[in-house]
Amino acid sequence: MDIFQLQGYAYFGLVTLMVVILYSYIYHLYSSEKKGTKDFEKYGNMALNDEIDDAPVEKISKDEKK
Amino acid sequence: MENRPLEYDYTVAKMFMLTTVLLGAVGMLIGVILASEMAFPGVNTMLGSLGLNEFTNFSRLRPLHTDSVIFGFTLSGIFATWYYVGQRVLKVSMAESKLLMFLGKMHFWLYILVVAAAVVSLFMGITSSKEYAEFEWPIDIAVVVVWVTWGLGIFGLIGIRRERSLYISIWYYIATFLGIAMLYLFNNMEIPTILATSPAGETGIGAWYHSVSMYSGTNDALVQWWYGHNAVAFGFTVPIVAMIYYFLPKESGQAVYSYKLSLLSFWGLMFVYLWAGGHHLLFSTVPDWMQTMGSVFSVVLILPSWGSAINMLLTMKGEWQQVATSPLIKFMVLASTFYMFSTLEGPIQAIKSVNAIAHFTDWIVGHVHDGTLGWVGFMIMAALFHMAPRVFKRELYSKSLMGTQFWIQTLGVVLYFTSMWIAGITQGMMWRAHDEYGNLAYSFIDTVTALHPYYTIRAVGGLLYLIGFFMFAYNIYKTMTSGRRVEESELQSASPMAA
């Protein structure tokens, strides 16, 4: 197998891997929400409730103030 | 317990708002002059009687136009919105950190120095001759310092945040920072000519500020267009998406339609965009597989781009009456629409058979401008309109002026891109036309004559956009100086504006 053939297989492998990663990510986004382990949509409220005294959507735990 | 309640500090945001307006006006004015020069070549020598031809000709002014709208108007808009949005979605004030405030101000003043150096050197004709990377090495080093200062500010603010998760806009701002840093460094690898030795053994060649690229020939072209196209990605797309993800939901009072889609589009854009630059080098000496890869990735790029754009349009679901009632929403919805439009047009141009006609023609110029005028310009102006009442604590000066500006500029953009479509395709077809023996049917000057009307229409379109921009500047100025003072309670979502 010469270098060009090797490059070809490596390229195909890389593209396949990236497609798998992308689809796994989509699956993760939707399934974790369905299972109730994560709620991504609540993060949309970060733009709406953005006054400095609004309660954070997710507080940083080490922030003991308030 | 403090006596004074904590507030967001918009000092640095205001400074960059000022440069957004000023550099936008200058860059667009030069653009209109250039468009007039294309239509009426005599404009090139308009100051000839004063012996100033050198400073008004097309080739001297062109980099001043591109660099002032990219690195002046757009970058200032990105910085202004970062110093506004960053604090708000991280729920932390710049006033809480003296260091961050110092870095922010330093960022602004260093930026002003770089702008001054760039303007003076380009007017003097000092250039590295690389498109959108014309600055010579001393300015490049200063640019890196400005950029690192901004980066310290970004990560510093993130470091002291109250909100655990980073809102999607922050992801896009971080990507802008990292993307441009990488692109700018690699494309501007250059060697001062004074350090070079010629084959004849001469040393110390040229002025101290001149340099040559570290790459040559096809490699230089590849790096240049990897940079050039991704400057569009990380200057004109990623940070503008950051803006619309914050400003449209906030102004309309509707949370982003699908946060999951925003995450997916983000990663899609990051993976795909960097590979698309090869489409600038179709039919060149670049390896064929690389050209094909550029075309393919450009077409794939439709998906993440439309993911964001559709997400924005769906955010307006059930609230479309706001488009009719609020000129500010109009700007953002049209920006999003132009984003969809230009991210479809770009991939079409990147297909090899289409590119065979489109390459080097005015259609490309038209494509760039429907993206920049319709998407980038509209979104940055909308962002500043939204920010103005909040940073100045005053009502927007005039809603009707804003509405008039919207229609004048929309007409300007439409005249611009339609004339360039027709001009570009006419040009492409005329260049290719030949008789049965393969002799070219037209000479170059035939195309110039044929394009004259379209160049004139383009100049009129650009002028309309510029007029609209002055209306915007006036509206912001009047808001700042004489708008009615507003209470915090009026600033929840839709921006207060006087009739």
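Each reported figure results from applying straightforward, stated rules to the coordinates on display, with no laboratory input. Computed from a predicted model, the values in this text were never measured in an experiment. Positions of Cβ are backbone-derived with ideal geometry, glycine not excepted, and every protein chain shown enters the neighbour counts.
Please list, in chain and number order, the residues 5+ apart from B:Arg394 or on another chain whose amide H is under 5 Å from its amide H, with Hs placed from the backbone.
Result for B:Arg394 returns B:Val486.
List every residue whose amide H lies under 5 Å from the amide H of B:Glu190, counting only residues 5 or more places away in sequence or on a different chain, with H placed 1.01 Å from N in the peptide plane.
Under 5 Å from the amide H of B:Glu190 lie the amide H atoms of B:Met214, each far enough along the sequence or on another chain.
Taking beta carbons within 10 Å but only from partner chains, what does the mean come to for residues B:163-171? Show your work: numbers first, answer last.
Values: counts 12, 7, 8, 2, 7, 4, 2, 1, 0.
Other-chain Cβ atoms within 10 Å of each residue's Cβ, averaged: 5.
Considering Cα pairs under 8 angstrom that are at least six residues apart, work out the relative contact order of region B:94-198 and quote it in whole percent. Intermediate results must be reported in sequence, preceding the final value.
Working: 51 pairs, mean separation 31.3, N = 105.
RCO, region B:94-198: 30 percent.
Counting other beta carbons within 10 Å of each Cβ, put B:Arg484, B:Arg458, B:Arg88, B:Arg62 in order, fewest first. Can you show the working numbers first?
Working: B:Arg484 14, B:Arg458 28, B:Arg88 23, B:Arg62 17.
Final ranking by Cβ density, sparse to dense: B:Arg484, B:Arg62, B:Arg88, B:Arg458.
Among B:Val12, B:Val414, what is the fewest-to-most ranking by other Cβ atoms within 10 Å? Please list the in-between numbers first.
Values: B:Val12 24, B:Val414 15.
Listing B:Val12, B:Val414 from fewest to most nearby Cβ atoms yields B:Val414, B:Val12.
Nearest 20 debye, what's the magnitude of the dipole of chain A about its Cα centre given +1 on Lys and Arg Cβ and -1 on Asp and Glu Cβ? All intermediate terms of the calculation are to be shown ahead of the outcome.
Working: 8 positive and 11 negative charges, 64 e Å.
I would put it at about 300 debye.
Compute the FRET efficiency between B:Leu195 and B:Ser284 as 1/(1 + (r/R0)^6), taking r as their Cβ-Cβ distance and R0 = 30 Å, and round to the nearest 0.05.
Values: r = 30 Å, r/R0 = 1.01.
Efficiency, rounded to the nearest 0.05: 0.50.
Work out the length of the dipole vector of region B:439-499 about its Cα centre, built from +1 on the beta-carbon of each Lys and Arg and -1 on the beta-carbon of each Asp and Glu, and round it to the nearest 20 debye.
Numbers: 4 positive and 4 negative charges, 33 e Å.
Charge dipole of region B:439-499: 160 debye, to the nearest 20.
May I ask you to sort B:Thr418, B:Thr410, B:Thr176, B:Thr325 by Cβ crowding, counting other Cβ atoms within 10 Å and putting the fewest first? Could the numbers behind the result be given before it?
Values: B:Thr418 16, B:Thr410 20, B:Thr176 24, B:Thr325 11.
Sorted ascending by nearby Cβ count, the order is B:Thr325, B:Thr418, B:Thr410, B:Thr176.
For B:Gln349, what is the net charge nearby, where nearby means another residue's Cβ is under 13 Å from its Cβ and Lys, Arg count +1, Asp, Glu -1?
On the way: positive: B:Lys352; negative: B:Glu345, B:Asp362, B:Asp370.
Residues near B:Gln349 contribute -2 overall.
Would you mind calculating the relative contact order of chain B from Cα pairs under 8 angstrom and at least 6 residues apart, reporting the percent as a whole number? It would help to have the intermediate numbers written out before the result.
Working: 728 pairs, mean separation 71.9, N = 499.
Relative contact order for chain B comes out at 14 percent.
Apply the Karplus curve 6.51 cos²θ - 1.76 cosθ + 1.60, θ = phi - 60°, to the phi angles in region B:223-230 and return the couplings in whole Hz, x for Gly and Pro.
3J(HN,Hα) across region B:223-230, in whole Hz: 5, 4, 8, 5, 5, x, 6, 7.
Quick one: which of B:442-448, A:42-48, B:127-133 comes out on top by average Cβ neighbours within 10 Å, and what's the full order, highest first? Each step should come with its number before you reach the end.
Details: B:442-448: 12.6, A:42-48: 20.6, B:127-133: 16.9.
Taking the mean over residues of other Cβ atoms within 10 Å, the ranking is A:42-48, B:127-133, B:442-448.
How large is the dipole of the protein assembly as shown about the Cα centre if only Lys and Arg carry +1 and Asp and Glu carry -1, each at its Cβ, rounded to the nearest 20 debye?
Using Cβ point charges on Lys, Arg, Asp and Glu, the protein assembly as shown gives about 1560 debye.
Could you compute Rg(Cα) / (2.2 N^0.38 Å) for region B:230-348, with N its residue count?
1.17
Looking at chain B, how many pairs of lysines come closer than 20 Å at the Cα, when each pair is eight or more places apart or spans two chains?
Lysine pairs, 8 or more places apart or on different chains, close enough: 18.
Over the whole of B:475-483, what's the average partner chain Cβ count within 10 Å per residue? Rounded to a whole number, please.
Numbers: counts 0, 0, 0, 0, 0, 0, 0, 0, 0.
Rounded to a whole number, the mean comes out at 0.
Taking every pair of distinct Cα atoms and averaging 1/r, then inverting, what Kirkwood hydrodynamic radius in Å comes out for region A:10-66? Walk me through the numbers before you get to the answer.
Details: mean 1/r = 0.0691 Å⁻¹.
Averaging 1/r across every pair of different Cα atoms and inverting gives 14.5 Å.
Which ³J(HN,Hα) values, rounded to whole Hz and listed in residue order, are derived for region B:163-175 from phi using the Karplus coefficients 6.51, -1.76 and 1.60 in 6.51 cos²θ - 1.76 cosθ + 1.60 with θ = phi - 60°, glycine and proline given as x?
Rounded to whole hertz, the list is 8, 5, 7, 8, 4, 3, 4, 5, 4, 5, 5, 4, 4.
Based only on Cα atoms, what mean projected area does the convex hull of the protein assembly as shown have, in nm²?
Values: hull surface 130.4 nm².
With the hull built on Cα positions only, its mean projection is 32.6 nm².
Below 8 Å between Cα atoms, with a sequence gap of 6+, how large is the relative contact order for region B:1-111 in percent? Present the calculation step by step, with values, prior to reporting the outcome.
Working: 102 pairs, mean separation 48.0, N = 111.
Normalised by residue count, the contact order of region B:1-111 is 43 percent.
Determine the sum of side-chain charges near B:Gly48: Lys and Arg each +1, Asp and Glu each -1, restricted to other residues whose C-beta is under 14 angstrom from that of B:Gly48. Walk me through the numbers on the way to the answer.
Numbers: positive: B:Arg60; negative: B:Glu37, B:Glu54.
Cβ neighbours under 14 Å give a net charge of -1.
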